[in-house]
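K.L.:
First the structure, which I've put down as structure tokens, then a few questions once you've had a look.
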Amino acid sequence: MYYDSILNFIKTIYKTNDYIPLHEPKFQGNEKKYLNECIDSGFVSSVGKFVDRFELDIANFCGAKYAVATTNGTSALHLSLHALGVDENCEVITQPLSFIATSNAIAYTGAKPVYIDVDIDSMGMSPFALENFLNTNAQMKDGYTINKKTKKVIKACVPMHTFGHPVRILEIKELCQKWNIHLIEDAAESLGSYVLYNNDFIHTGNFGVCGILSFNGNKTITCGGGGAILTNDENLAKKLKHLSTTAKLPHIYKYKHDSIAYNYRLPNINAALAVAQIEQLEKFLSIKMELSKSYENFFEQNDFPIKFIKARSGTKPNFWLNAIMFENTKDKDLFLEYSNKNGIMTRPIWVLSNELKIYKDCQCGDLTNAKFLSERIVNIPSSVNQ
């Protein structure tokens, strides 16, 4: 059975016959040193030097002017939507093939998600499906995009860079500008992923009004939880930071707040861990690129009925999670069962959000590609293997 060949290759890559997780964190740098500094300082909560340093470091790495640290990627997306005026009178276009947090963050605002299809090669939002949906279902009125069916304002669009593979973000941005829709990039999985633009590679999260990142325990770098919002808009950055800290007005001792806001500020102790991880990010990305090339060569050299998901032209994905595509659902399910029973953690892609009971009433476009991928994609071990 060719399943054994795949599992043996993975064991060779990770140089072990023990259990191999899907993606585990690596703590090989200054994590303990910075954590001890943080603890000794007494500033372990929502203020401290590591929070400020983390925001500067992540903004510099991604090429953004500003970064606002948050407790996790979900809160980062929720805060972004809220700050841009998304509420119960609005709708947000997104993709059904995504982790549930994307839809949940939209729902937190009172808005409803609208699901459109993805592209097969990127596994992320299709600009062709987006354009078709808007031309068919939307109209401009007083500068707003109105859904002709529901009469609600389509306020924002949230594409997600699946497993670190960038969507066709330039085309999506052009459509959002044409229809006056806020573009928010869900870049939770794409730290270290780039798109070619004007002969230069631009980091994901910089094409919309803001982009969000995640530093969950299974991400490329982690601080246990953690998230961040990237933006190049100074006023928006100030608003986001204000709203993330319960909208507290500066004062030496008084507690005054000027709006309903959120306690979404990243604790300093988590930021200490994040700063140490950022110092190793380039190394991690380089190792993960080598890992993806090894997988790509292996599947190309063997005549298996499986396709390795490669980088799309004009992009540099981070290969956060390496993905393979089976010819049918039966083979996918058999491989998942066999690999997990034999000590190698593999996972299917997500159930489509519109197929979940909580979002089954949401409006959808034609989701042919999303359905196709949901029935065939599997993630294989992708941890830094050095």
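The values are calculated or read from the model by the stated rules, or taken from the named source; none is laboratory data. Fair warning: this is a prediction, and the values are worked out from it, not measured in the lab. When we count neighbours, we look across all protein chains shown, and the Cβ atoms used for this are built from the backbone with ideal geometry, even at glycine. For the accessible areas, the whole protein counts, side chains as well, though only heavy atoms, and no ligand, DNA or RNA atoms are used. Shrake-Rupley method; radii C 1.70, N 1.55, O 1.52, S 1.80 Å.
K.L.:
For the list (1) in contact (Cβ under 8 Å) with a residue 40 or more places away in the chain; (2) within 16 Å of residue 205 (Cβ to Cβ); (3) open to solvent by 60 Å² or more (accessible area, probe 1.4 Å); (4) not charged (D, E, K, R), I need the number of the one condition that residue 39 fails.
P.N.:
(2)
K.L.:
Kindly indicate whether residue 214 is surrounded by 24 or more Cβ atoms within 10 Å (Cβ to Cβ), touching a residue at least 12 places away in the same chain (Cβ under 8 Å) and farther than 22 Å from residue 30 by Cβ.
P.N.:
Here the answer is no, as residue 214 does not meet what is asked.
K.L.:
Please work out which residue is surrounded by the most Cβ atoms within 10 Å (Cβ to Cβ), limiting yourself to region 100-145 and to residues that are among the acidic types (Asp, Glu) and either in contact (Cβ under 8 Å) with a residue 12 or more places away in the chain or part of a strand (DSSP E or B) (or both).
P.N.:
Once the filter is applied, the top-ranked residue is 117.
K.L.:
Also: Any residue at all in region 307-315 that's part of a loop (DSSP other than H, G, I, E, B), surrounded by fewer than 16 Cβ atoms within 10 Å (Cβ to Cβ) and not basic (Lys, Arg)?
P.N.:
Checked against the condition, which is being part of a loop (DSSP other than H, G, I, E, B), surrounded by fewer than 16 Cβ atoms within 10 Å (Cβ to Cβ) and not basic (Lys, Arg), region 307-315 yields at least one hit.
K.L.:
Looking at region 339-349, is at least one residue assigned to a helix (DSSP H, G or I) and open to solvent by less than 30 Å² (accessible area, probe 1.4 Å)?
P.N.:
There is at least one residue in region 339-349 that is assigned to a helix (DSSP H, G or I) and open to solvent by less than 30 Å² (accessible area, probe 1.4 Å).
K.L.:
Among the strands (runs of 3 or more DSSP E) contained in region 188-259, which hold 2 or more residues that are touching a helix residue (DSSP H, G or I) at 6+ places or on another chain (Cβ under 8 Å)?
P.N.:
It comes to 194-197, 210-214, 227-231.
K.L.:
Something else now. With respect to the numbered conditions (1) surrounded by fewer than 17 Cβ atoms within 10 Å (Cβ to Cβ); (2) among the hydrophobic types (A, V, I, L, M, F, W, C); (3) modelled with pLDDT of 95 or more, which one is the sole condition not fulfilled by residue 236?
P.N.:
Just one mismatch for residue 236, condition (1).
K.L.:
Determine whether region 8-18 contains at least one residue that is open to solvent by less than 60 Å² (accessible area, probe 1.4 Å), over 25 Å from residue 212 (Cβ atoms), assigned to a helix (DSSP H, G or I) and of a type in the set (Phe, Trp, Tyr).
P.N.:
Yes, there is a match, as at least one residue in region 8-18 is open to solvent by less than 60 Å² (accessible area, probe 1.4 Å), over 25 Å from residue 212 (Cβ atoms), assigned to a helix (DSSP H, G or I) and of a type in the set (Phe, Trp, Tyr).
K.L.:
Within region 264-286, does at least one residue satisfy the condition of being closer than 23 Å to residue 186 by Cα, without any contact (Cβ under 8 Å) to a residue 24 or more places away in the chain, open to solvent by less than 70 Å² (accessible area, probe 1.4 Å) and not in a helix (DSSP H, G or I)?
P.N.:
No, that holds for no residue.
K.L.:
Can you say whether residue 148 is of a type in the set (Lys, Arg), within 22 Å of residue 71 (Cβ to Cβ) and without any contact (Cβ under 8 Å) to a residue 12 or more places away in the chain, as far as the supplied structure shows?
P.N.:
no
K.L.:
Let me ask something else about it. Only residues that are in contact with a helix residue (DSSP H, G or I) (Cβ under 7 Å, 6 or more places away or on another chain) and either of a type outside the set (Phe, Trp, Tyr) or at pLDDT below 95 (or both): list them for region 53-64, please.
P.N.:
Result: 53, 57, 58.
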